[in-house]
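The values are calculated or read from the model by the stated rules, or taken from the named source; none is laboratory data. This is a predicted model, so every value here is computed, not measured. All Cβ positions, glycine included, derive from the backbone under ideal geometry; neighbour counts span all protein chains shown.
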């Protein structure tokens with residue numbers, strides 16, 4: 001079984017009592033009898049505090065950093081300091097999967113000490129399109145999306161269950177690739193409508209619904225809506241294109257895919 005807990009779902013900026021993008025993915029353990037495999041997907045502002053409701057950083061097996069916009073990565077430097085100065089220590093550095101140059105980007109947040117090297121606490125892995133990874137009992141696949149910076153959606157597979165997260169993504173075939181046949185597709189829908197003259201680097205709710213239907217995803221949940229967005233209208237537009245009920249990701253929501 002796969003379990004996805006929403007740690008934050010606001011697009012671009014947080015709302016009152018709400019965090020930016022972040023999710024806790026849980027799947028089968030690496031070996032029977034061990035704890036579940038846990039991956040922190042996106043580390044937007046406010047998500048670390050919410051993550052710690054469910055697991056310590058010592059219990060996280062990896063971090064997936066979809067891209068380097070601040071609403072998706074700003075809690076990673078805070079996580080570094082939590083690991084370095086907190087009361088317990090990991091046996092090994094926490095692996096972070098992210099786009100090209102993510103290490104230097106995060107280290108620039110830490111300008112007090114210009115010699116800061118985060119590899120004492122964080123292990124660096126740079127993603128590439130189509131890369132397949134194993135983390136504990138999870139299989140993870142990176143799919144490059146069309147966005148304003150290098151961005152990777154993620155597909156998780158375990159024991160016949162699958163789910164996908166679009167990250168930030170324009171309406172292209174990458175969405176069908178990552179979500180093909182999944183039980184759950186968590187898809188961004190930051191723009192109610194395409195802004196006039198804008199490059200399509202985000203989805204509208206209707207586009208999210210269209211691509212979920214094309215992919216044959218078993219369930220669609222919209223995320224990355226801005227705090228002021230009309231959620232009922234977004235869901236209705238997505239449902240019209242998808243052909244079935246659509247959910248809205250809110251902090252604390254838990255979605256499960258597969259058997260018990």
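Worth pointing out:
- Selected residue (criterion: nearest to residue 3 (Cα to Cα)) from residues of region 180-202 that are outside any loop (DSSP other than H, G, I, E, B) and in contact with a helix residue (DSSP H, G or I) (Cβ under 6 Å, 6 or more places away or on another chain): 185
- Checked against the criterion of being surrounded by 24 or more Cβ atoms within 10 Å (Cβ to Cβ) and modelled with pLDDT of 95 or more, region 191-198 has no qualifying residue.
- Of all residues in region 55-74, those that are touching a residue at least 60 places away in the same chain (Cβ under 8 Å) and at negative phi have Cβ atoms under 7 Å from Cβ atoms of residues that are surrounded by 20 or more Cβ atoms within 10 Å (Cβ to Cβ) and in a helix (DSSP H, G or I), 6 or more apart or on another chain, in 66/72; 68/102.
- Subset of region 68-88 that is out of contact with any helix residue (DSSP H, G or I) (no Cβ under 8 Å at 6 or more places or on another chain) and in a loop (DSSP other than H, G, I, E, B) - its residue that is surrounded by the most Cβ atoms within 10 Å (Cβ to Cβ): 69
- Lone qualifier among 43, 37, 47 - being surrounded by 17 or more Cβ atoms within 10 Å (Cβ to Cβ), modelled with pLDDT of 95 or more and farther than 20 Å from residue 106 by Cβ: 37
- Count of region 132-141 residues which are touching a residue at least 12 places away in the same chain (Cβ under 8 Å) and either assigned to a loop (DSSP other than H, G, I, E, B) or surrounded by fewer than 22 Cβ atoms within 10 Å (Cβ to Cβ) (or both): 6
- Residue in region 97-105 that is closer than 25 Å to residue 245 by Cβ and buried (at least 16 other Cβ atoms within 10 Å of the Cβ) present: no
- For region 1-34, a tally of residues being crowded, with 21+ Cβ neighbours inside 10 Å and not in a strand (DSSP E or B) returns 4.
- Those residues of region 148-179 which are in a loop (DSSP other than H, G, I, E, B) and surrounded by fewer than 24 Cβ atoms within 10 Å (Cβ to Cβ), in sequence order: 148, 149, 150, 159, 160, 170, 171, 172
- Among the residues of region 87-102, those that are over 18 Å from the mean Cα position of the chain (by Cα) and at pLDDT 95 or above comprise 92, 93, 101.
- Lone unmet requirement of (1) in a loop (DSSP other than H, G, I, E, B); (2) out of contact with any strand residue (DSSP E or B) (no Cβ under 7 Å at 6 or more places or on another chain); (3) in contact (Cβ under 8 Å) with a residue 24 or more places away in the chain; (4) under 21 Å from residue 250 (Cβ atoms) for residue 233: (1)
- Meets criteria (under 15 Å from residue 45 (Cβ atoms) and surrounded by 19 or more Cβ atoms within 10 Å (Cβ to Cβ)) for residue 65: yes
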